[in-house]
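To keep things clear, I will list the structure first and then write my remarks on it.
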């Protein structure tokens, strides 16, 4: 029997197109890699053309046919959003779940407790959850892959609306040294000496520090950066081993500072603060459940214990 075109296959294709990886798409969709590959193969068989090009580097790219399908698939899924939003206005029960995309810090440290509390209050609402980079969360919101995003950076696309959820100080810290009184007061000039352990470019907290330094006429390229990592745990381990200084939201290192693992560095000019946002598409068609989740996230949060 010939395959029929379905929205699920298009959703899988969009995820592969956005991540440029079968494994990353599978993880984000909670599917096995063979299941994702099968959906792509089915689409290529249906359209009788190559959609995904497998490069020697291992990364994937779209063929011209794939680029055309990406555009139309995005339109299909936006239409699906409008359909469900209107039909849910006639229904007494939710017709679909809520798909959440969160940046690494929000996903790992702020969201899990909040989701549990929300499920207790609003039983029957299905939630799916994906941890990614801020830029990928914004892309997912624009493509319809996510309904709501939780990010440590503000979206730049005017199609996306943001609401301030939480503001926390970013703390500079180093491996605690014997004979040094903490918190240690430093000037910006002393801080520049580094060496520095950094989050990757594009991360929310790195953007905040870059903006903070720019206000004091200091460019990031002046810093001696010895390591860059997407992993907060790796950054902590590198600092703990004495490889340099770094910065993270206060709630992520409070316990280590209290235990004497890290020493806090204070600046005479103050400290940068990172804002976390609830982000969604600018549309009047948010479901009742989506509106309730947004309200819940804005009303119930504690930066030290999770939302």
request  = Run through the DSSP bridge list for the chain and note the antiparallel percent, rounded to the nearest 5.
outcome  = 60
task = With r as the distance between the Cβ atoms of residue 156 and residue 55 and R0 = 25 Å, compute the FRET efficiency 1/(1 + (r/R0)^6) and round to 0.05.
result = 0.30
request  = Using all C-alpha to C-alpha distances in the chain, build P(r) with 10 Å bins and read off the rounded percent in each one.
outcome  = 5, 24, 28, 23, 14, 5, 1, 0
query = Cα axis of helix 288-299 to longest principal axis of the chain: angle in degrees, 0 to 90, nearest 10?
reply = 0
task = Please report 271, 98 as a ranked list, fewest other C-beta atoms within 10 angstrom at the top and most at the bottom.
result = 271, 98
query = Which FRET efficiency value, to the nearest 0.05, is calculated for residue 220 and residue 283 with the Förster distance at 45 angstrom and r the Cβ-Cβ distance?
reply = 0.80
query = Listing 186, 111, 220 from the residue with the fewest other Cβ atoms within 10 Å to the one with the most, what is the order?
reply = 220, 186, 111
task = Compute the acute angle (0 to 90°) between the alpha-carbon long axis of helix 33-47 and the principal axis of greatest extent of the alpha-carbon atoms of the chain; round to the nearest 10°.
result = 40
message = Can you give me the angle between helix 134-143 and the longest principal axis of the chain, using Cα atoms only, in degrees from 0 to 90, rounded to the nearest 10?
response = 20
task = Let me have the relative contact order for the range 7-87, percent, based on Cα pairs under 8 Å that are six or more residues apart.
result = 29
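Per the helix-only calculation at 222 nm, which mean residue ellipticity applies to the chain, given -39500 (n - 2.57) for every DSSP H run of n ≥ 4 and division by its residues, nearest 500 deg cm²/dmol?
Helices in the chain give a 222 nm mean residue ellipticity of -13000 deg cm²/dmol.
Quote to one decimal, in nm, the extra length available between residue 177 and residue 20 on full extension: 0.36 nm per residue of separation minus the C-alpha distance between them.
Computed gain between residue 177 and residue 20 is 52.1 nm.
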message = Please report Rg (one decimal) and Dmax (integer) in Å for the Cα set of the range 167-273.
response = 12.6, 36
query = Where the Cα atoms of the range 29-77 are projected onto their three principal axes, how long is each span, largest first, in whole Å?
reply = 26, 25, 18
task = Pairs of Cα atoms under 8 Å, at least six residues apart: use those to get the relative contact order of the chain, whole percent.
result = 22
Exposure proxy order (Cβ contacts within 10 Å, fewest to most) of 74, 132, 61 = 61, 74, 132
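Bear in mind these aren't lab numbers, they're just calculated from the coordinates by the rules spelled out. Fair warning: this is a prediction, and the values are worked out from it, not measured in the lab. Neighbour counts are summed over all protein chains in view; Cβ atoms, including those assigned to glycine, are modelled from backbone coordinates with ideal geometry.
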